[in-house]
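Single-structure report; data block below.
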Amino acid sequence: MHLIVNNGFIFDIVKLALYIGIGYLAFSFFARRARAPWLLTLATQRMAVLTLLTLLVVGVKVFEDVIGQESSIVDLAILWFIRQNLPPFLLAFFNAVTWTGAAIFLAPATAAICALLFVRRHHREAVLLAVTMAGGWGLTYAVKSMVGRARPELWSTTWYWGSSFPSGHTLSTAAFATALTLIASRIWPQSRFVALPLAVLWISLMGLSRLVLGVHWPTDVLAAICLGVFIPLVVNMVLQLYQIEKNAIR
């Protein structure tokens, strides 16, 4: 049984890598044949395109596993492992972490930062953050309504609105942190060496907090991270390509 699981896991990894590779090659071929300026520019941004393809393929794979109920055993094992090995005194810390991913914190923070960016004439950056967060919240609501996955009921937990898939707190935090990292890196290039590790730490702690509190399955969190990082990267890329097209017209 253990050998079958390992073989299945390795097969999934190889299959996902193959999908990503084929997708990238197909996109590169199409971009060169189309000869559109924005497509050619996009084709040169290999890491960005590969990152987006990876997030998309992994997200789709997790979605398929959740719909097909193929992730239940692993989800259960991870939740019980965390529950049995986490020191009780850390619960208060993770409760505080999870609060930073709530709309009551992120919505005012988004409005304040967008207003500040507009005042400082960083209009594109303000649009990036605003569209990212609006898209993240809208996508969370749509997917939760469509999937309707039941939340874990392994122990007594705090009640949260909506179904389990995906984790709204994690998705919103990933979107917000990624957008801020992109904005900080553009305005203050040297800040990326601090902004990126802080973003990764915040997203990781947020995802872990949802598991520690027992209100989400691990696959809810994984899908949320993929979607949350994917949205601002796409928005940022679209804004960059729009600027390229705009400059070409001039």
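The values are calculated or read from the model by the stated rules, or taken from the named source; none is laboratory data. All values derive from a computational prediction rather than experimental measurement. Every residue, glycine as well, gets a Cβ built from its backbone with ideal geometry; the counts of neighbours run over all protein chains shown.
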One residue from ILE73, ILE10, ILE4 being aliphatic (A, V, I, L, M), loosely packed, with under 12 Cβ neighbours inside 10 Å, closer than 20 Å to PRO218 by Cβ and at pLDDT below 65: ILE10
Answer from LEU90, LEU117, LEU106 - the residue that is modelled with pLDDT under 95 and surrounded by 11 or more Cβ atoms within 10 Å (Cβ to Cβ): LEU90
Test: residue in region 147-160 that is touching a Phe, Trp or Tyr at 6+ places or on another chain (Cβ under 9 Å), touching a residue at least 40 places away in the same chain (Cβ under 8 Å) and over 25 Å from ASN95 (Cβ atoms): yes
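Please enumerate the residues belonging to region 143-191 that are of a type in the set (A, V, I, L, M) and either in contact with a Gly (Cβ under 8 Å, 6 or more places away or on another chain) or over 20 Å from ASP65 (Cβ atoms) (or both).
LEU154, LEU171, ALA174, ALA175, ALA177, ALA179, LEU180, LEU182, ILE183, ALA184, ILE187
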Residue under evaluation TYR160, criteria (1) in a helix (DSSP H, G or I); (2) out of contact with any Leu (no Cβ under 7 Å at 6 or more places or on another chain), criterion not met: (1)
Check on PHE176, under 15 Å from PHE230 (Cα atoms), aromatic (Phe, Trp, Tyr) and surrounded by 14 or more Cβ atoms within 10 Å (Cβ to Cβ): yes
Subset of region 121-142 that is in contact (Cβ under 8 Å) with a residue 60 or more places away in the chain and more than 17 Å from ALA107 (Cα to Cα) - its residue that is farthest from the chain's Cα centre (by Cα): HIS122
Scope region 167-204; condition among the hydroxyl-bearing types (Ser, Thr, Tyr), touching a helix residue (DSSP H, G or I) at 6+ places or on another chain (Cβ under 7 Å) and either assigned to a loop (DSSP other than H, G, I, E, B) or at pLDDT 95 or above (or both); matching residues: SER167, THR170, SER172, THR173, THR178, THR181
Residue ID - farthest from ILE78 (Cα to Cα), chosen from residues in region 125-154 that are small (Gly, Ala, Ser) and surrounded by fewer than 16 Cβ atoms within 10 Å (Cβ to Cβ): ALA134
Residue list for region 205-220, filter: outside any helix (DSSP H, G or I) and either over 13 Å from THR170 (Cα atoms) or among the hydrophobic types (A, V, I, L, M, F, W, C) (or both): LEU213, GLY214, VAL215, TRP217
